[in-house]
1. Find all pairs meeting these conditions: Cβ atoms under 6 angstrom apart; at least six residues apart or on different chains; first residue within the range 311-328 and free of Cβ contacts under 8 Å to residues at least 40 places away in the same chain; second residue among the polar types (S, T, N, Q) and open to solvent by 40 Å² or more (accessible area, probe 1.4 Å).
2. Yes or no: residue 478 β-branched (Val, Ile, Thr) and at pLDDT 90 or above?
3. Determine if the range 627-639 includes at least one residue that is assigned to a helix (DSSP H, G or I), among the hydroxyl-bearing types (Ser, Thr, Tyr) and open to solvent by less than 100 Å² (accessible area, probe 1.4 Å).
4. I'd like the full set of residues that are within 11 Å of residue 458 (Cα to Cα) and touching a strand residue (DSSP E or B) at 6+ places or on another chain (Cβ under 8 Å), limited to the range 409-434.
5. Identify all residues within the range 76-123 that are at pLDDT below 85, part of a loop (DSSP other than H, G, I, E, B) and either of a type in the set (D, E, K, R) or open to solvent by 40 Å² or more (accessible area, probe 1.4 Å) (or both); write none if there are none.
6. Filter the range 340-356 for residues that are in a loop (DSSP other than H, G, I, E, B), within 31 Å of the chain's Cα centre (by Cα) and under 23 Å from residue 307 (Cα atoms) and give the result.
7. Given the conditions (1) assigned to a helix (DSSP H, G or I); (2) surrounded by 12 or more Cβ atoms within 10 Å (Cβ to Cβ), which single one is not true for residue 619?
8. Please name all residue pairs, on different chains or six or more residues apart, with Cβ atoms under 6 Å, provided the first residue is in the range 424-436 and is farther than 15 Å from residue 447 by Cα and the second residue is open to solvent by 50 Å² or more (accessible area, probe 1.4 Å).
Amino acid sequence: MSSQRTVAFILISLECATFGILSETLFFSASIVLIAALSYLPILQYPFSRRQVFWITSILAMLFMVKYVLSPHEFGQDRSEVIRTPLAYAAAQFIIALQLRQLFDKHFIPFLPNSFPLLGILVFILIGDIQVHGSINIYYQVFVFSYVLMTGVFYQFGHVFRSQKNNIKKKWVVYLIRFNFFVFIWLIGWLTATGLHRYEREMDQLYYRLIEPSTSGMASRAGFSTISKLGSLTSQFDSGAQQVKLRIKSSDEPGYMRGRAFVQFFNSEWHSEIGSQNVASIGLPPAGVKTEIIPEGTWFQIGQANSSDWIEYEVWSASTEHIFAPLNTPLVHAVAENMQIDSQNILTSRTMENGYPYALFLPRKQLPPAPESVVSLRRLLQLPFGISPRVQQLANQIFADCKTSAEKINRVQNYFQNQYEYEIGIKIPQGNDPLTYFLLEKPNAHCEYFASGTAILLRMAGVPCRYVTGYIVRERNVYDQFWVARSRHAHAWVEAWDEQSGWVTVESTPAAGRPDQNTPGGVRQYWESLIGQYSRLKTAVQRGEWVLALSEAQLPLALLICGVALWFGFRWVFQFCQKRLKERALFQQNPVHVQELHQLLAQMDRLLGKHKIVRKPDETLMQFSRRIQSQAVAQWYRNYACSRFMPESAETNALILQLKQQILEFRQQKSLI
């Protein structure tokens, strides 16, 4: 074996050592090093063809992608991911496997391809996609610079950089210059890496300043953070409006799914109350709950759970922290260690497992409302400081002659739905308070203004209420029957306290502004159903429920089989057409009389085939003619065998006409035997 192959073994060993230290797994790295050592055995070298290289690379890519999808690598708590570290982890494994195949390729003896160390550089980039600290950071830098040094040695031993014609030895000055240049590059790289590590926080801050839009005060994440600024929900309608946020399995329409509730309003911003408490967990579900639930989950009870008839919602959410749930949800099941609830009954969990659904249970028959304390209701009557007296006059006009909370709720809903029109966005003249301008001038606006105006007017009328953001879920996928909430289904509404009914949903936005049941095209729905099925398949595999996984994988497997069948079918058709075109091209290269003779032979063979007389592939025309009982047919083949080598002449043309006439006569005969 050449010295270059020994250097290549050192290179792949450095990659595996770095990979094992950063990923905290040694099995893969040790296995690669042991297998790479076997490449020194000549008996294990194999001359891979281009087609074999293609299929091996494709199969390896599929295997590592399936491994990433079904079982992504999990790093320790002290490793924070920068980009997509589990994906980079799988990609690094794939590239190392490609390098390992090159070591066993007989075509790369005695010299390996120049791409070998370049693939290793990609490996270092991918496995360095995590933030490391302490001594591990030093190890990584040492391994990187050692790899760079050995890469130079690799190319020095390579056949590309070895001159076969010039055998004059270079002076020692040339080697000294090379060494000093390499040391200089090493120092520059070390100083740069050290500087980047030292000013990592400052660079992160600069990065986020560049990519995050600047907002006044605290940023509002589509109304689901602790602060919701008027207009924050409209960002969901501008870009990514069709992005799926919730997928819900249920026989009942979910409707309003609460994400965040807000209490105080000032400076055109709604603020939620800070603080929450843990929800009580229970060992077994209440009586009457009949459902197939993930066994490793936890039951959480929020309110009264006395019912024999339950509505169940299985929610697959894009968010792992917010728990979107209908109003007055008393029972939740989730794969989480704990769950929190705030003063407005909004549920969150910081320990909920990603990729798992959570289940919500509501009594089909509404239970009597739980009482609310006077102090909590009083907080929901707070008004913004410096509100215009004209707004108070407007409230007095709207709620004139209204005595109960139910009457006031119906009155304010009818007022906004009949007096206003819906439009995304609102133009506020400079110097005007947005909500005051909306209430007094009646411009076209969207749901945030209708909900905010409703909350302020109800509070002026003495009805405790809160501002709520979430999704209205009314769209249903026709293929998998899952209810779907998209970004454009984000909505704002009000929940008011009624002495008789408890908390009720108040919808003041005109009908044109409420998320409807319109569904996208069939192709998009079908694609989204496949994505949802893939998520359920992944969860079933992770839970070890192979029967459920097999049932979920029926459609993907059928599509895969159909895809493979179509691929081989198209490939066969392509090869068949290509073969026929080549035969036709070769056929057309013959003289005209030879082409005509070939066509006559093909016609005669087909005619005899109908009478069960078939010429064998290895049988000559003379041998075939001896097996034919009909003397006329046998003579036809003998005449053809004599004429096919004749040059083009009048005699040849006359013989061709005679053969044609005989074929016509044979076709009129009932038997040629």
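The values are calculated or read from the model by the stated rules, or taken from the named source; none is laboratory data. Since the model is a prediction, treat every value here as computed from it, not as a measurement. Neighbour counts are summed over all protein chains in view; Cβ atoms, including those assigned to glycine, are modelled from backbone coordinates with ideal geometry. Accessible surface is based on the protein model in full, side chains and every heavy atom, while ligands, DNA and RNA are left aside. Shrake-Rupley method; radii C 1.70, N 1.55, O 1.52, S 1.80 Å.
1. 320/354
2. no
3. yes
4. Those that are within 11 Å of residue 458 (Cα to Cα) and touching a strand residue (DSSP E or B) at 6+ places or on another chain (Cβ under 8 Å): 409, 412, 413.
5. 77, 78, 79, 80, 82, 83, 84, 109, 110, 111
6. Correct list: 346 only.
7. In the conditions (1) assigned to a helix (DSSP H, G or I); (2) surrounded by 12 or more Cβ atoms within 10 Å (Cβ to Cβ), residue 619 misses (1) alone.
8. Hits for this filter: 428/437.
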